[in-house]
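For reference, the structure is listed below as C-alpha cells.
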Amino acid sequence: MRVAFLIRRDNHYRLLGPAIDRALARGWDVECWHAVDEGLKGARARERRQAGPAFRSGRPRLREFRVDGLARLVTEVAPDILITMYRARGIARDGRARWLGLQYTLNIGELVDGDGATPFDAIGVHTEHWRTVAADSLRMLDETRGRAAAPVDDRAVAATLRRRGVVVGFPEMDQLHLVDAAAVRATLGLDATRPVVLYCPFPFLSNPRTFWTRNIYGPFQANPYTARIEHRLQRADRLLDRAGRLRQRLAVRMPTGRRYSRDVANGWDDRRVVRAVRAFCDANGAALIVKARAKDPVAGYLRAAADHVRYDGTDYPATILELMSIASLCVHFFSTVAYEAAYAGVPSVCVTADADDLGFSPTLRTSFLSTASGSSFNFPGVTYPLGVADLVADFPRRRFADFPLEPAARAQYLDKFVGRDDGKASDRLLDVAASLVDGEEPGR
C-alpha cells in the first residue's frame, strides 16, 4: 500500500513518527511530504531541525510541496491514502485517494467545520472524551486567533465525529516503549538511583502577552537577544534582576497594576518559582532537568538553577519522552506534557494562575485549561494543581510522597484523555488507513 504523510512542521514527526516507522515495518511504500510555503516566522523559526528523524524500519521517500499545488501532487503521485494532522487546500474526498486526519489534543477543531462538514474519510481521535469537546475546540481556535466567532452546530459536529471518528489512542506515546532509560541517564551523567524533576518552563513567548506576564510574573523573561547576552556576560543575570524589580515597582503604581502589589511584595513571580523548584530538588536529592523549546529560550536564572537544560534535538525519538522515561515528577504550566507524564507513569504538578492574568480565552479556560477536579490538570493521583503563591511558599518543604501516582487514577486518566498504554496506537491508526483503502466504513 502506498501512504503519504503530510508534514507541516518538523515537530509533526513527534506524533506521526511512530506511525511512519510502523508503516515502513509493514512493508508499505511510505512517503513524507513537507510543506515548503508554510514557513515558521519569528520565534517559531527557531524550531526548525537540521536533520529529519532516523527511522528504525527504513527510509521514507521525501517530497516537498506548495499548498496550492497539493491537489496536483496527489493526482500525480496517486497514493492510496494520505495521513495528516492538519487541513490544507487540496484535501478533499473527490478522488481515489483516501484522507485520514489525526487529532493532536485541541487541533481536533481543525479537522471538522462548525456545520459538521469534514474533508476527511476518517479522523483518528485519542479517546471518546475528545469527541465531546470538538465543538468547543472550534470556538477556542477562533478565540485564540482573534477571529470573529463562527457559528458552531454542536449536534452536527458530534454526529460527524460519531460517523467518521475512530478511537486510536495517542500514536506519539508508542515511542516511549522504545526508550532506553538507562542510556538517557548515562547521557546526562546521572546515577541510576537519583530522582529527577522534569521542569517545563513557563512559555513566555508563545503565551498571550498580558500585563501580568510582562510586568509582574515575568519581568525576567528571556528572548533571543538577552539569551545571548546572558550566555556571554556573567553579570547579565544580576542586571536583568535589577531591571525586572524596577519594572515591577513601576507597574504596581499604574492603575492596572495596583492589584498586584501583594504579588510583588511576596515574590510571586517566575524567578521565585524556579528557586522553589530548585529548593525542592535539593531537599529531595533530585536532579533538576529543564526541557525547553527553542522558541522559548531559557532565562539565565533558570539555566543557573538547572542541572541540565535540554532542547529538542529531534522529534522522533521525542526529547520530551526520553526525559520523561527517567522522571520522578514533572512540573509544568497548563501543558499537554501532563498527558505524556501520565502515560510514562510520572505524576505532575501544574503551576496555575488566574485565567485573566494568563490571557486565556473564555472557552479555553472553562473547557480545557481548567483546574476543576477531574480535568486534565487536576486529577488527584495523577496531576496536582498548585498556585504560584502556594508553590513559592510551600514547595521547598514538600516531598515526592506528597504527589503520588495512584495506579487506579492513572488508568482512569488514560482512559479519559490519552488512550491505552499498550504501545499500539500507531498500529490502530494504520489499521484504519488500511480499512479505508479496502472500502470499509470508519471504525468497522
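The values are calculated or read from the model by the stated rules, or taken from the named source; none is laboratory data. Being a predicted model, the structure only gives us computed values, none of them experimental. Cβ coordinates were reconstructed from backbone atoms using ideal geometry, including for glycine residues, and neighbour counts include every protein chain displayed. Accessible surface areas use protein heavy atoms only, side chains included; no ligands, DNA or RNA. Shrake-Rupley method; radii C 1.70, N 1.55, O 1.52, S 1.80 Å.
Quick notes
- Selection status of K424, open to solvent by 60 Å² or more (accessible area, probe 1.4 Å) and more than 22 Å from F333 (Cα to Cα): yes
Each row is one residue, and each column tells you yes or no for (1) open to solvent by 20 Å² or more (accessible area, probe 1.4 Å); (2) part of a helix (DSSP H, G or I); (3) at pLDDT below 95; (4) within 25 Å of A192 (Cβ to Cβ).
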residue	(1), (2), (3), (4)
W268	yes, no, yes, no
G285	yes, no, no, yes
L288	no, no, no, yes
R303	yes, yes, yes, no
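- Boolean, A434 is part of a helix (DSSP H, G or I) and either modelled with pLDDT under 95 or open to solvent by 30 Å² or more (accessible area, probe 1.4 Å) (or both): no
- All positions within region 135-189 that are part of a loop (DSSP other than H, G, I, E, B) and open to solvent by less than 20 Å² (accessible area, probe 1.4 Å): V168, G169, F170
- Residue in region 106-134 that is nearest to S367 (Cα to Cα), counting only those that are more than 19 Å from the chain's Cα centre (by Cα) and surrounded by fewer than 16 Cβ atoms within 10 Å (Cβ to Cβ): T132
- Residue in region 393-408 that is buried (at least 18 other Cβ atoms within 10 Å of the Cβ), under 29 Å from A159 (Cα atoms) and within 22 Å of the chain's Cα centre (by Cα) present: no
- Evaluation of S361 against (1) closer than 17 Å to W212 by Cβ; (2) out of contact with any helix residue (DSSP H, G or I) (no Cβ under 7 Å at 6 or more places or on another chain) (one fails), failing number: (2)
- Strands (runs of 3 or more DSSP E) enclosed by region 325-390 - at least 1 residues per element that are open to solvent by 30 Å² or more (accessible area, probe 1.4 Å): 383-387
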